[in-house]
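Chemist: I'd like to ask some things about the structure below.
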Amino acid sequence: MLRIINIAEGTTVDGPGLRTSIYFAGCKHACKGCQNPDSWSFDAGEDWTLDKIMTIIRYNKFDVTLSGGDPLYQAEELLPLLQAIKAEKLNIWCYTGFVYEEIKDKSPYMEILPYIDVLVDGPFQIENKPVGPALRFRGSTNQRFIVPATEEELFF
């Protein structure tokens, strides 16, 4: 079971193209100015089965974004979902308040990172939120796009 707040079908704000975005419950980062503080509670949302989530993903056939809250607080439960999404040959983006370097060599994160195509890392920092046009797929300039398989940073 995964604790999910919402699943948005066909969104364009959480990565390139139409995506199925899954918003996970629970976050301890408590970023000042967070756009979704209601997601911080680990009791928010509902328990979803892998089959229920995959029914939506298979129906839409959109690439998938994991957001929240912070999906990495459910890392152990996340592995079967990531494996199922990859079996459908879909791209996976994951937003986390953790910094890549602090999780890359630690279990259970290192087991899930190979399934994630792009990790958007780092806490939202209101002091690094740009004035004017928004950053593409990020909230603050400290957040990076990381390809965990190569440890390469992408620039948009």
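Chemist: Debye calculation, C-alpha points only, no solvent: report log10 I(q)/I(0) for the stretch 42-98 at q = 0.14, 0.22, 0.31 Å⁻¹, in the same order as the q values.
Modeler: Log-scaled intensity ratios, in q order: -0.37, -0.95, -1.50.
Chemist: Okay, next question. Solvent-accessible area per residue for the stretch 54-156 at a 1.4 Å probe radius, Å²?
Modeler: On the way: 5200 Å² over 103 residues.
With all protein chains present, the stretch 54-156 gives 50 Å² per residue.
Chemist: On a C-alpha basis, how far is the centre of the stretch 1-37 from the centre of the stretch 89-113 in Å? Whole number, if you could?
Modeler: The two parts, judged by their Cα centres, are 15 Å apart.
Chemist: Can you send over the carbon and sulfur percentage of the accessible area for the chain, probe radius 1.4 Å, protein chains only?
Modeler: On the way: 4180 of 8090 Å².
Its accessible area is 52 percent carbon and sulfur atoms.
Chemist: Let me ask something additional. Can you run phi through the Karplus equation (6.51, -1.76, 1.60; θ = phi - 60°) for the stretch 136-151 and list ³J(HN,Hα) in whole Hz, with x for Gly and Pro?
Modeler: Karplus-based 3J(HN,Hα) across the stretch 136-151 equals 6, 6, 9, x, 9, 5, 6, 6, 10, 9, 10, 9, x, 4, 10, 6 Hz.
Chemist: Next question, about the same structure. Mind checking Rg over Rh on the stretch 88-156, alpha carbons, Kirkwood formula for Rh?
Modeler: Numbers: Rg = 12.6 Å, Rh = 12.7 Å.
Over the Cα atoms of the stretch 88-156, Rg/Rh equals 1.00.
Chemist: From the helices alone, meaning DSSP H stretches of at least four residues, give me the mean residue ellipticity at 222 nm for the chain, per-run term -39500 (n - 2.57), in deg cm²/dmol to the nearest 500.
Modeler: Details: 4 runs with 32 residues, N = 156.
Calculated from helices alone, the mean residue ellipticity at 222 nm is -5500 deg cm²/dmol.
Chemist: Only Cα pairs within less than 10 Å get springs; with that Gaussian network setup on the chain, which residue of Ile112, Ile56, Ile22 has the largest fluctuation?
Modeler: Looking only at Ile112, Ile56, Ile22, the biggest GNM fluctuation is shown by Ile56.
Chemist: Longest segment of the chain with no trypsin sites (Lys or Arg not before Pro) in a DSSP loop having at most 14 other Cβ atoms within 10 Å? Present the calculation step by step, with values, prior to reporting the outcome.
Modeler: Details: sites that count: Lys28, Lys32, Lys61, Lys89, Lys106, Arg136.
My reading of the result: 107-135 is the longest stretch.
Chemist: Sticking with this structure for a sec: Under 5 Å between amide H atoms, partner at least 5 residues away or on a different chain: which partners does Leu66 have, H built in plane at 1.01 Å?
Modeler: So Leu66 has HN proximity to Ile22, Trp93, Cys94, Tyr95.
Chemist: In addition: Based only on Cα atoms, what mean projected area does the convex hull of the chain have, in nm²?
Modeler: Details: hull surface 34.1 nm².
Value for the chain: 8.5 nm².
Chemist: Within the chain, what is the longest stretch that has no GluC sites (Glu not before Pro) placed in a DSSP loop and near at most 16 other beta-carbon atoms within 10 Å? Don't skip to the answer; put the middle values down first.
Modeler: Details: sites that count: Glu88, Glu151.
Longest gap between qualifying sites, sites excluded: 1-87.
Chemist: Which of the chymotrypsin sites (Phe, Trp or Tyr not before Pro) found in the stretch 116-145 are in a DSSP loop and have at most 14 neighbouring Cβ atoms, other than their own, within 10 Å? Before the final figure, lay out each step's value.
Modeler: Details: sites: Phe124, Phe137, Phe145; in loops: Phe124, Phe137.
Sites meeting the loop and neighbour criteria: none at all.
The values are calculated or read from the model by the stated rules, or taken from the named source; none is laboratory data. Owing to the predicted nature of the structure, the values given are computational and were not obtained by experimental measurement. A quick note on method: Cβ atoms are made from the backbone with ideal geometry, for glycine too, and the neighbour counts reach across all protein chains shown. Please note that ligands, DNA and RNA were not included when accessible areas were found on the heavy atoms of the full protein model with its side chains. Shrake-Rupley method; radii C 1.70, N 1.55, O 1.52, S 1.80 Å.
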